[in-house]
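The values are calculated or read from the model by the stated rules, or taken from the named source; none is laboratory data. Keep in mind the model is a prediction, meaning the values are calculated, not measured. FYI the Cβ positions are ideal-geometry reconstructions off the backbone, even for glycines, and counts take in every protein chain you see. Note: areas computed on protein heavy atoms with side chains; ligands, DNA, RNA excluded. Shrake-Rupley method; radii C 1.70, N 1.55, O 1.52, S 1.80 Å.
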Amino acid sequence: MANRIQINKEFVDIMPQDYLDLVESGTFESPNRGWKDFGTATELIAEHSLCAGCPESIAFRHIMASIPNPEDTVMVGSTGCTSLVFPMIAVHNIHSLFGNQNAIATGLKRALAVRFPDRIKDVIVLAGDGATVDIGLDMTLQSWFRKERFTTICFDNELYANTGGQESGLMQKGFLAKMAPVGKRFDKVRLPEIARESGCDYVAIMTASKPSLVEKVIKQAVLIAREVGPTYIQIYTPCILEIGKQSMEGLQEMRTSEAPGERFKFREFISPEAQSFLDGLAEKKKAEKIAATT
Amino acid sequence: MYNVAEVNAEACVAQKGCRLCIMYCPEANCIQLDSQKMKAVIVESRCKGCELCVVVCDAAKHNAIKMVAR
């Protein structure tokens, strides 16, 4: 179905310019979406209210540019800094109660499968580390145990940034925050390993410092979630205010944290089923390329 | 007073394929590519003045962006 994103001719003269831009030069229904559209196409995210230089907004931009079919995607968000951005994105989204985002996504995915049996519908959960690991851990894990087919993305900033810097499960051991002056006594929760053991078919841990890598991981995760099973991505998006950095230092902070031996060095786990699915996709792409050149 | 980024079109090397500032700007639709001149252009009303574009441009030794007061 081509050209599904259209504007009613009766409304063209009263719609805001941003909306018209999105319809005319947005990247809906483009088969090769990616960060390369930046600068020339209208992005599916508009002026948000995150802080200047926030690494989370870099990650958000890269994710919105990479999701494979935005016109058929529903995103589920949760309370936190991400909920400041969700009203500004051009993809259907649901704001869940704090912590139950994976439970909502479960119901949504099943309902969409019943309502639209012959159309691909992706569900993507995007929440902070508080919602994913502390308050919503029950819902997160149960959805993986049940092998629910959607992608869970965790924006890991290692504390509760929105409320002033309280200790979270993903905070590193010994870290001092504004509202956690004693320092954390326990290790950072190893959620990627837990996800792997809980039944996720694809797990990745990374930072948002390389757009091409974010694009590749998001596309793989969404496609695997569509066909094989649950997927989990943990992206380091440091809160520059809470770790005491300037607005222009967020990128360097991410690069430092992904150096070899550091806690956010890129790692991914692909289950054998997911690997054979990816191999199939790669072969298909190769065949298409050969067919196009001959 | 509010600081926003400004691109020096002579120093910008977007015509050679550089997209660093466009890639790393945290604001959506804030740095655009002028497809005729092939230079980066800042949409000032969207710029929050974080200086990340200056950092990545200077790190690549292009030095094409500087902050100006508005």
Among A:Ile124, A:Ile63, the single one that is within 14 Å of chain B (Cβ to nearest Cβ) and crowded, with 18+ Cβ neighbours inside 10 Å is A:Ile63
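Taking region A:233-272 as the search range and keeping residues that are among the basic types (Lys, Arg) and within 14 Å of another protein chain (Cβ to nearest Cβ), which one is nearest to A:Ile153 (Cα to Cα)?
Applying the filter and picking the extreme gives A:Arg255.
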Looking at region B:6-37 only, could you name the residues that are more than 11 Å from chain A (Cβ to nearest Cβ), among the hydrophobic types (A, V, I, L, M, F, W, C) and in a strand (DSSP E or B)? B:Val7
Residue check for A:Glu47: within 14 Å of chain B (Cβ to nearest Cβ) and surrounded by fewer than 18 Cβ atoms within 10 Å (Cβ to Cβ): yes
In this structure, does A:Thr237 turn out to be surrounded by 24 or more Cβ atoms within 10 Å (Cβ to Cβ), more than 24 Å from A:Asn32 (Cβ to Cβ) and of a type in the set (Val, Ile, Thr)? yes
Which of the numbered conditions does B:Asn3 fail, given that it passes all the others? Conditions: (1) at the interface with chain A (Cβ under 10 Å from one of its Cβ atoms); (2) open to solvent by less than 40 Å² (accessible area, probe 1.4 Å). (2)
Residues of region A:115-146 being out of contact with any Leu (no Cβ under 7 Å at 6 or more places or on another chain), in contact (Cβ under 8 Å) with a residue 24 or more places away in the chain and of a type in the set (A, V, I, L, M, F, W, C), which ones? A:Ile120, A:Ile124, A:Val125, A:Leu126, A:Ala127, A:Ala131, A:Ile135, A:Leu137, A:Met139, A:Leu141, A:Trp144, A:Phe145
If a residue has to be farther than 28 Å from A:Glu197 by Cα and not in a helix (DSSP H, G or I) to count, how many in region A:263-294 make the cut? 1
Per the filter on region A:41-68, residues more than 15 Å from the chain's Cα centre (by Cα) and part of a loop (DSSP other than H, G, I, E, B) are A:Ala41, A:Glu43, A:Ala46, A:Glu47, A:His48, A:Ser49, A:Leu50, A:Cys51, A:Ala52, A:Gly53, A:Cys54
So which residues in region B:38-70 are within 9 Å of chain A (Cβ to nearest Cβ), charged (D, E, K, R) and touching a helix residue (DSSP H, G or I) at 6+ places or on another chain (Cβ under 9 Å), if there are any at all? B:Lys48, B:Glu51
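Kindly indicate whether A:Ala103 is part of a helix (DSSP H, G or I), open to solvent by 30 Å² or more (accessible area, probe 1.4 Å) and of a type in the set (Gly, Ala, Ser).
yes
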Would region A:20-40 turn up any residue that is within 11 Å of another protein chain (Cβ to nearest Cβ), in contact with a Phe, Trp or Tyr (Cβ under 7 Å, 6 or more places away or on another chain), open to solvent by less than 40 Å² (accessible area, probe 1.4 Å) and not in a loop (DSSP other than H, G, I, E, B)? no
Could you tell me whether any residue of region A:69-83 is open to solvent by 30 Å² or more (accessible area, probe 1.4 Å), assigned to a helix (DSSP H, G or I) and within 14 Å of chain B (Cβ to nearest Cβ)? yes
For region B:54-67: of the residues being aliphatic (A, V, I, L, M) and within 15 Å of B:Ala9 (Cα to Cα), which is surrounded by the most Cβ atoms within 10 Å (Cβ to Cβ)? B:Ile65
Output the number of residues of region A:179-205 satisfying the condition of being closer than 21 Å to A:Val123 by Cα and not β-branched (Val, Ile, Thr). 10
